[in-house]
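Here the structure is laid out as structure tokens; the discussion comes afterwards.
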Amino acid sequence: MQLKKISGSLGMASCTLLQAGNVSAQAGENEWFLDSSFLIYSESDGRVSAFEPAVRGEIDLGDDEYVNFQVVVDALTGATPNGAHKSTVVQTFTNPSGNSGYTTQPGELPVNSTFRDTRVAVTGEWDKPINRLSSVLLGAAVSSEVDYTSLGLSAIYQRDFNNKNTTLATGLALTSDLIFPIGSVPRELNPMRRVGSDQQRASSDETKNTIDFILGVTQIVSRTTFFQLNYTYGASSGYHNDYNKIVTVIDPLTNEPLVGGWLDADDLPYLFEKRPDRRVRNTLFLRGVHHLKEDVIHLSYRLFSDDWGITSHTLDFKYRYMLTEKQYLQPHLRFYTQSKADFYRHDLVQGTDIDASGNVNLAYVSSDYRLGAFDGLTYGLSYGYRFTRRSEFTMRGELMQQKMDNSEVPRSGEETPDLTAVIFQMGYSFYW
């Protein structure tokens, strides 16, 4: 479940809308366009590292009809934060299986260093003209992980107007997810238990269903400029928890993880998180592309909000500078900021958030830093070399920095650390 992309259920279908002017459009009838790449992602402090090879193929069937596919493999290793925070005492945790555990030393961020996962995702699309001015894009996707399976279907209808200078699009996507956690599904707001004890699981698996609706318009302003505006409405229901995430229960007298009290001898002072079983998302995306004499400017803005209380803004800028007829450099700058979810909490305080019997006074709670407030900055440079009009090599290097908002952390020394990650990608595309 950690590998699930943050692109939304309409990703496979809306990609075609968002990639107007793709190099593959140069393909001739019955020609294949193949695009291969691999990506390396590495977080600081020995945290998560990923290796992602991918291949995409597209065939031009003639008369503006295309079929394409994509295969992506994600392999992740490293240490991932479990939701607890730093402490001045040694902390002991149990792995999801319940058969082993790990400890964190004083002053260290609690992370599960045994994190391993692999995801294989396959998508396919068929772009079929209906008549001279309209077409339909049909898509299907399947993704599988060690603890997660996802199936998706999508359809987008596109209609040209104004001498094909204006394109309207509307689409629908359905996604069904099956989550089968290692060690089964933990009980929400129930204590993590010591290794070897009864883990008191709720069930062997859970499900989540998502529907997304997209409405978009693309406007060609001139031979050198076009704009695109998309609105996406998404609603999901079912299991939204990350079963690996916990929340620390604090003793207000010691400001350390609770000892004793209502906890059983086999209980640890960490509760499994609980998120709402429904989520509604609204996304507005605006993009502009302008061709200079040789160079190209890409600028986009994305506004996201949901009924969990999260609002985010993303500003993305790329400038493709042509070094020669065959070579280019492309600087990239991306700024991201988000507010925290309404139920995000650094910890739970005994006597305030939890009564003497262990009953939590909150309906939902999570200390997953991804639901907290933070700012992100990504910057880097891409290089491209076109060997011929039918083949191209690309290389990209970027640095991503996330600065966490620790303004509401109650005690010094328990702040969630900032995150730095390095991204490197190489690719080769050609016609066949």
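We did not get these values from a lab; they are worked out from the coordinates using the rules stated. Owing to the predicted nature of the structure, the values given are computational and were not obtained by experimental measurement. So basically every Cβ, Gly included, is an ideal-geometry build from the backbone, and we count neighbours across all protein chains shown.
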Using the number of other C-beta atoms within 10 angstrom as an exposure proxy, rank 185, 90 with the fewest first.
90, 185
From the backbone phi of the range 81-93, what are the Karplus-calculated ³J(HN,Hα) couplings (6.51 cos²θ - 1.76 cosθ + 1.60, θ = phi - 60°) in whole Hz, Gly and Pro given as x?
x, 9, x, 6, 10, 5, 8, 8, 10, 5, 10, 10, 10
Under 14 Å, Cβ to Cβ, from residue 303 - net charge with Lys/Arg +1 and Asp/Glu -1
+1
For 123, 254, what ranking results if the residue with the fewest other Cβ atoms within 10 Å of its Cβ goes first?
254, 123
Interchain or long-range residues, amide H under 5 Å from residue 225's placed H:
291
Could you please state, rounded to a whole Å, how far the C-alpha centre of the range 389-409 is from the C-alpha centre of the range 152-204?
25
Using 7 Å Cα-to-Cβ label points, what is the residue 339/residue 40 separation (nm, one decimal)?
4.0
I need the calculated FRET efficiency for the pair residue 159 and residue 280, taking r as the beta carbon distance and R₀ as 35 Å, to the nearest 0.05.
0.80
Phi angles of the range 123-137, converted by Karplus (6.51 cos²θ - 1.76 cosθ + 1.60, θ = phi - 60°) into ³J(HN,Hα) in whole Hz with x for Gly and Pro, give 10, x, 9, 10, 9, 10, x, 9, 8, 5, 10, 9, 8, 10, 10
Inter-part distance where the range 113-134 and the range 30-66 are each reduced to a Cα centre, Å
11
Taking a label point 7 Å from the Cα of residue 209 along the Cα→Cβ vector, which residues of the range 216-250 have an amide N closer than 14 Å to it?
235-239
Residue-by-residue Karplus 3J(HN,Hα) for the range 273-288, coefficients 6.51, -1.76, 1.60, Hz, glycine and proline x
5, 9, 10, x, 8, 9, 8, 10, 10, 10, 10, 10, 10, 10, 9, x
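Quick check: net charge around residue 392, other residues with Cβ under 12 Å of its Cβ, Lys/Arg +1 and Asp/Glu -1?
+3
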Added length on full extension, which subtracts the Cα-Cα distance from 0.36 nm per residue, residue 319 to residue 403:
27.7 nm
How big is the charge dipole of the range 11-431 about its Cα centre, in debye rounded to the nearest 20, if each Lys and Arg gets +1 on its Cβ and each Asp and Glu gets -1 on its Cβ?
1140
Assertion target for 332, 291, ordered by fewest C-beta neighbours within 10 angstrom first, is 291, 332
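Can you give the net charge of the other residues whose Cβ lies under 10 Å from the Cβ of residue 190, counting K and R as +1 and D and E as -1?
+2
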Relative contact order (percent, whole number), the chain, Cα cutoff 8 Å, 6+ residue spacing:
14
